[in-house]
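Participant: Here it is, the structure, as structure tokens.
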Amino acid sequence: MGAVGIGPGDEVIVPPWTMPATALAPIFYGGIPVFADIEDDYFCLNVSAVERKITKKTKVIIAVNLFGHPAELKKLRALADEKGIYLVEDNAQAPHAKEEDCLAGTIGHIGIASLNYHKHIHTGEGGVCTTNDEVLAKKLQLIRNHGENAVDELGIEDITNIVGFNFRMSEIAATIGISQIKKSKGLVDRRIALADRLSYRLRDIDGLTVPKVRDNCTNSYYIWAAKLDIEKLGVERSVIASALEAEGVPTGMGYVEPLYNLPLFKQRKAIGNQRFPFTLSDRHYDVSTCDTICASCSCARSCPVVEELHRNSLIEFAICSYQLDGDEIDRVADAYEKVFSNINLLQKF
């Protein structure tokens with residue numbers, strides 16, 4: 001956010017389903033997160049929803065390639081270029097995923113990769129920013145490493161947001177990361193093969209929709225995210241999840257709580273006791289403050305897709321969290337088949 005020039009009162013469009021850090025990053029520069037709804041099938045930012053949220057204050061769109069599937073990145077980049085704003089990709093969950101012939105994380109002005117311990121590749125903690133823009137690259141390097149101490153020596157004239165931090169990666173972590181990157185394609189391909197195997201086994205279960213992949217895209221499957229048709233099944237999601245867990249399959253319901261429900265958004269209070277930076281905006285996030293969807297609304301009323309998925313229909317298997325082989329994936333599929341073949345027995349719960 002510092003590199004792209006975010007300042008107090010600037011707006012940054014983000015999805016409500018993501019790691020909180022994605023939406024909190026603008027706040028450290030006084031930016032205002034604006035939540036736009038997601039796609040029902042692929043769980044990433046809905047381009048039309050993003051377009052409706054753009055105002056004269058909008059400076060950045062942050063697209064999250066959620067669960068390993070790319071957002072409509074080329075459309076979002078075209079929209080960003082048309083409006084004269086930046087597209088930043090949070091590609092933490094989607095290494096080696098592609099939209100057409102382009103790797104996710106390379107279509108936006110800046111791409112972000114995570115090296116957190118539970119990702120496809122990891123060094124324990126930390127991450128990487130990538131860009132093909134030399135100016136942005138230099139700003140990222142300065143912010144990473146106490147940039148305010150280097151601007152005179154480097155002759156930097158525009159020192160906006162070059163208040164730096166200590167985000168340097170240690171040599172040991174970097175060495176581990178380089179080794180991981182060299183074998184990352186194989187690690188991801190193996191994960192894709194396991195996810196595809198699970199989807200193939202479960203593709204014909206009535207009331208269960210296995211993960212969809214958009215045409216001309218690949219999904220690197222950080223999470224195997226499926227949807228339930230609760231009305232057709234006649235069983236609450238929690239009952240199905242409990243049955244799967246009883247069969248030994250770790251099962252998630254929904255994802256993170258939509259971020260507009262975090263207290264700092266609902267109370268519009270982040271930095272200091274004067275409610276900065278929300279004093280610079282009329283954006284609001286608390287559903288109790290609006291009777292209808294309005295231009296300033298960024299709450300549950302304006303994000304019905306994420307609400308439905310989180311509260312009712314999304315069920316997930318964190319396939320990236322375990323070292324599985326084909327036999328173990330088959331046992332996961334066996335458990336699903338057993339639960340859904342006995343769905344009538346679960347209807348009494």
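The values are calculated or read from the model by the stated rules, or taken from the named source; none is laboratory data. The model shown is predicted, which means the values in this text are computed figures rather than measured ones. All Cβ positions, even for glycine, are placed from backbone atoms using ideal geometry, and neighbour counts span all protein chains on display.
Participant: For region 245-274, which residues satisfy the criterion of being closer than 30 Å to VAL332 by Cα, more than 20 Å from the chain's Cα centre (by Cα) and surrounded by fewer than 17 Cβ atoms within 10 Å (Cβ to Cβ)?
Facilitator: Going residue by residue through region 245-274, those that are closer than 30 Å to VAL332 by Cα are 245-258.
Checking which are more than 20 Å from the chain's Cα centre (by Cα) leaves us with 245-250.
If the condition is that a residue be closer than 30 Å to VAL332 by Cα, more than 20 Å from the chain's Cα centre (by Cα) and surrounded by fewer than 17 Cβ atoms within 10 Å (Cβ to Cβ), then GLU245, ALA246, GLU247, GLY248, PRO250 are the ones that fit.
Participant: Let me ask something else about it. So, in region 73-88, exactly how many residues are in contact with a helix residue (DSSP H, G or I) (Cβ under 7 Å, 6 or more places away or on another chain) and free of Cβ contacts under 8 Å to residues at least 40 places away in the same chain?
Facilitator: 4
Participant: Another one. Please list, ordered by first then second residue, the pairs with beta carbon atoms under 7 Å, 6 or more apart or interchain, first in region 245-260 and over 30 Å from ILE13 (Cβ atoms) and in a loop (DSSP other than H, G, I, E, B), second of a type in the set (Lys, Arg) and modelled with pLDDT of 95 or more.
Facilitator: Going by the 7 Å Cβ cut-off, the qualifying pairs are GLU247/LYS338.
Participant: Do you know which of the residues in region 225-235 that are within 15 Å of LEU202 (Cβ to Cβ) and outside any helix (DSSP H, G or I) is nearest to the chain's Cα centre (by Cα)?
Facilitator: Going through the qualifying residues, I end up with ALA225.
Participant: Go through (1) outside any loop (DSSP other than H, G, I, E, B); (2) crowded, with 24+ Cβ neighbours inside 10 Å; (3) not aromatic (Phe, Trp, Tyr) for PRO70 and report which single condition fails.
Facilitator: (1)
Participant: To continue, here is another question. Consider SER238 against the criteria (1) part of a helix (DSSP H, G or I); (2) crowded, with 16+ Cβ neighbours inside 10 Å: it satisfies all of them except one. Which criterion is unmet?
Facilitator: For SER238, the failing item is (2).
Participant: Spot the failing condition for GLY164; the list is (1) buried (at least 17 other Cβ atoms within 10 Å of the Cβ); (2) touching a residue at least 40 places away in the same chain (Cβ under 8 Å); (3) more than 30 Å from ASN219 (Cα to Cα), and only one is missed.
Facilitator: (2)
Participant: Hey, another quick one. Among residues belonging to region 194-208 that are out of contact with any helix residue (DSSP H, G or I) (no Cβ under 8 Å at 6 or more places or on another chain) and surrounded by fewer than 16 Cβ atoms within 10 Å (Cβ to Cβ), point out the one that is farthest from ASN65 (Cα to Cα).
Facilitator: Only one residue tops the list, namely ASP204.
Participant: For region 134-218, which fully contained helices (runs of 4 or more DSSP H) count at least 1 residues that are more than 22 Å from the chain's Cα centre (by Cα) and basic (Lys, Arg)?
Facilitator: Of the helices (runs of 4 or more DSSP H) lying wholly inside region 134-218, those with at least 1 residues that are more than 22 Å from the chain's Cα centre (by Cα) and basic (Lys, Arg) span 134-144, 171-182, 184-202.
Participant: Another question, then. Go through (1) within 26 Å of ALA226 (Cβ to Cβ); (2) surrounded by 17 or more Cβ atoms within 10 Å (Cβ to Cβ); (3) touching an Asp or Glu at 6+ places or on another chain (Cβ under 8 Å) for ASN116 and report which single condition fails.
Facilitator: The failed condition is (2).
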